[in-house]
Amino acid sequence: MSDLTHLTISQARAKLRAREITATEITEAYLQAIERANPALNAYVVITDDKARDMARASDAKLAKGEGGSLEGIPLGIKDLFGTEGIHTQACSHVLDGFKPHYESTVTANLWADGAVMLGKLNMDEFAMGSSNESSYYGPVVNPWRRSRVDTMVMPTTHQGDGGFVSAGGTRTARTLDNAQLVPGGSSGGSASAVSAFLCAGATATDTGGSIRQPAAFTGTVGIKPTYGRCSRWGIVAFASSLDQAGPIARDVRDAAILLKSMASVDPKDTTSVDRPVPDYEAAIGKPIKGMKVGIPKEYRVDGMPDEIEALWQKGIAWLKDAGAEIVDISLPHTRYALPAYYIVAPAEASSNLARYDGVRYGLRVPGKDIVDMYEKTRAAGFGREVKRRIMIGTYVLSAGYYDAYYLQAQKVRNLIKRDFENAFTAGVDVILTPATPSAAFGIADEDMAADPVKMYLNDIFTVTVNMAGLPGIAVPAGLDAKGLPLGLQLIGRPFDEETLFQTAHVIEQAAGTFQPEKWW
Amino acid sequence: MSVDLQTVKRVARLARIAVSEADAERMTGELNAILGFVEQLNEVDVSGVEPMTSVTPMEMKKRPDVVTDGSKAADIVANAPATEENFFLVPKVVE
């Protein structure tokens, strides 16, 4: 049974359609895997087992009649940011205590309409603010990947080992897993951890500054943030409305393409949803990239970046070159301003979006001596440290006299960042290749990051530019570092050209292979 | 630009978040670290640059001004901490 959890979505889809397996069997396999693993990984905050079984039964009835949608019977995990009707939806915040919406987000409604099965709600940084999943009210998520130490032992000649093993001399290597718990990245840490540890076939996620791509890179999974406007934001708890986009995290490029096809739609309920048909992303996979122009931006070579990241980038360049792509050096001169501009725009929009949590309409209420005292006590008790920090920054930069100096300046800089990309694309570049993150996964409760919020923010240095410009970006695993941790590369595309990202990411995947953590949980 | 303790308390008040003296002191340091980080934006020449409004040029969507939804007061108050007959209950605001 447990092998069913190792099927990719495309493999499971074929077996379900051929009636070699049932939706109930695969759903039960995942529920068992979650039950065993969740105490160690904390990826799920709610397991919707009854609902999962009902949905699986309904899928089996359809499949038996030769009917069913593109995801019929495929068990998925849903980030807690997505509104799910009648089911816990709290953005992993205490302030939304007990909230069960009476509506369904457009993205999840699309998935259910295509036959997907919901396994539960996934852990995340509170209100999607964080890069380590440590700001969740429900506690940190643990990365299924651990560092490992490679020991090389020199074997004496004619040594009788414990297993009756006889060596003629030479060396033997053994990998030992380190016990230190690592973060899965954030904010979609639960999504990444669950996909990587085989606790769902794929997951929904959202990305405001890197929250899909950084956790994907930290867990050896594939994550795509589509172009702003591709997936409806309706029914997703808002963080920074001009940056938020939903996307999938999956085990391989094809699965990510299958999921995005279902999640994306034109939605009259979201005025920023773009009126363009959703292409068949899967059809782009396997198309040759011969003659494609791949841009390498020199500004992504940052100070203090580990040699391993640079080496990985060079490997990626070589793979694409081998596949016939033309590599060109490009310049995106405003890259370094993306992160500071983000830390004005995102908190400003967040302070406005999060004003609604006032203890009146939903969630937590802490009584006070009057209504303002009630608001202040509710918000003090309901929001965690990182969320308060960002609301405070946002309130400050929007306060009287500072709007022009901060928010307006940042939105202008944002236009310059976007222009940099436009210039590259106008010059004929089809896709841009960069590292996904400046490091591999780090430890839970890392002291440096806890002491300096800006250090944590630097995790998003390569991904945030893409949100600022509204472009699509995909993170694809490309190798392991010396300690055995996954590292990812990022591809950035033209607006609404997700197809080129899938096409190119697949070439990297073919060269790099896919990566699975060694099971310890 | 940097903030002092008084400014932090004023911003907390604007944001409707109760802060203790110790919270406000800690936040002052954190906010100044972030404000120090974003300060580098001032070196960018933005003369003649419009603020960004959308990724691809698009016209704002409009819809007919008609009622498409409603008659679900019970749903709307369903998650509220305190209600009475489909009204939200709050502490008394007028004497």
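The values are calculated or read from the model by the stated rules, or taken from the named source; none is laboratory data. It should be emphasised that the depicted structure is a prediction, and the values quoted were computed from it without experimental measurement. Here Cβ is always computed from backbone atoms with ideal geometry, including for glycine, and neighbour counts include all displayed protein chains. To get the accessible areas, we keep the full protein, side chains included, count just its heavy atoms, and leave off ligands, DNA and RNA. Shrake-Rupley method; radii C 1.70, N 1.55, O 1.52, S 1.80 Å.
For every other residue with a beta carbon closer than 15 angstrom to the beta carbon of A:Thr173, add +1 if it is Lys or Arg and -1 if Asp or Glu, then tell me the sum. Summing Lys and Arg as +1 and Asp and Glu as -1 gives +2. Cross-link reach is defined here as a Cα-Cα straight distance under 18 Å, omitting same-chain residues fewer than 8 places apart; for A:Lys519 the lysines meeting it are A:Lys483.
Each Lys or Arg adds one and each Asp or Glu subtracts one; over the other residues with Cβ under 12 Å from the Cβ of A:Met263, this totals +2.
Only beta bridges with both residues in the protein assembly as shown are counted; by DSSP, about 75 percent of them are antiparallel. With each label modelled as a point 7 angstrom along the Cα→C-beta vector, the A:Lys483-A:Lys290 pair spans 4.3 nm. Ranking A:Met305, A:Met263 by solvent-accessible area of protein heavy atoms (1.4 Å probe, all protein chains present), from largest to smallest, gives A:Met305, A:Met263.
Placing unit charges on each Cβ (+1 for Lys and Arg, -1 for Asp and Glu) gives chain B a dipole about its Cα centre, and among B:Val38, B:Phe88, B:Val11 the Cα reaching farthest toward its positive end belongs to B:Phe88. When the charge dipole of the protein assembly as shown is built from unit charges on Cβ atoms (+1 for Lys and Arg, -1 for Asp and Glu) and taken about the Cα centre, the candidate among A:Tyr44, A:Leu7, B:Ala74 whose Cα reaches farthest toward its positive end is A:Leu7. Of the GluC sites (Glu not before Pro) found in segment A:1-47, those that fall in a DSSP loop while having at most 14 other beta-carbon atoms within 10 Å are A:Glu20. Residues considered: B:Asp23, B:Asp75, B:Asp45. Largest GNM mean-square fluctuation over chain B, using C-alpha springs under 10 Å, is found at B:Asp75. Each Cα pair under 8 Å and six or more residues apart adds its sequence gap; the mean of these over the residue count of chain B is a relative contact order of 19 percent.
Burial annotation for segment A:336-378: residues with an accessible-area loss of at least 50 Å² between the isolated chain and the complete set of protein chains, computed on heavy atoms with a 1.4 Å probe, are A:Tyr337, A:Pro340, A:Val360, A:Arg361, A:Arg365, A:Ile371, A:Glu376. Measuring between alpha carbons in the structure, the pairs from A:Lys261/B:Lys61; A:Lys412/B:Lys61; A:Lys269/A:Lys455; A:Lys269/A:Lys412; A:Lys287/A:Lys455; A:Lys298/A:Lys455 lying more than 30 angstrom apart are A:Lys269/A:Lys455; A:Lys287/A:Lys455.
If you take the square roots of the eigenvalues of the alpha-carbon gyration tensor of the protein assembly as shown and sort them as a ≥ b ≥ c, do you get rounded (a/c under 1.5), prolate (a/b over b/c) or oblate? Because its axes are fairly even, with a/c under 1.5, the protein assembly as shown counts as rounded. Of all lysines in the structure, those lying under 17 Å Cα to Cα from A:Lys388, and not within fewer than 8 positions of it along the same chain, are A:Lys377, B:Lys9.
Chains B and A together bury some 5200 Å² of accessible area, summed over both sides, with a 1.4 Å probe.
Rounded to the nearest 10 square angstrom, A:Arg385 shows an accessible area of 130 square angstrom against a 1.4 Å probe. What the Cβ-Cβ distance of A:Ala451 and A:Ala18 gives, at R0 = 41 Å and to the nearest 0.05, is a FRET efficiency of 0.15. Between B:Ala15, B:Ala82, B:Ala33, the residue with the greatest mean-square fluctuation in the GNM of chain B (Cα pairs under 10 Å linked by springs) is B:Ala82. Placing pseudo-labels 7 Å out from each Cα toward the beta carbon at B:Ser71 and A:Trp521 gives an inter-label distance of 4.7 nm.
Taking a ≥ b ≥ c as the square roots of the Cα gyration tensor eigenvalues, with a/c under 1.5 meaning rounded and otherwise prolate when a/b beats b/c, else oblate, which class fits segment B:2-86? Since a/c reaches 1.5 but b/c is at least a/b, the shape of segment B:2-86 is classed as oblate. Ordering A:Phe442, A:Val345, A:Leu320 by Cα displacement along the dipole of the protein assembly as shown toward the positive end leaves A:Leu320 in first place; charges were set at the Cβ atoms of Lys, Arg (+1) and Asp, Glu (-1). The charge dipole of segment A:280-428, taken about the Cα centre with unit charges on the Cβ atoms of Lys, Arg (+1) and Asp, Glu (-1), comes to about 460 debye, rounded to the nearest 20. For the Cα trace of segment B:52-95, dividing Rg by the Kirkwood Rh returns an Rg/Rh value of 1.26. Modelled spin labels at A:Met153 and B:Glu59, positioned 7 Å past Cα toward Cβ, are 7.5 nm from each other.
Counting charges near A:Ala113 (Lys, Arg +1; Asp, Glu -1) among other residues having Cβ under 11 Å from its Cβ returns a value of -3.
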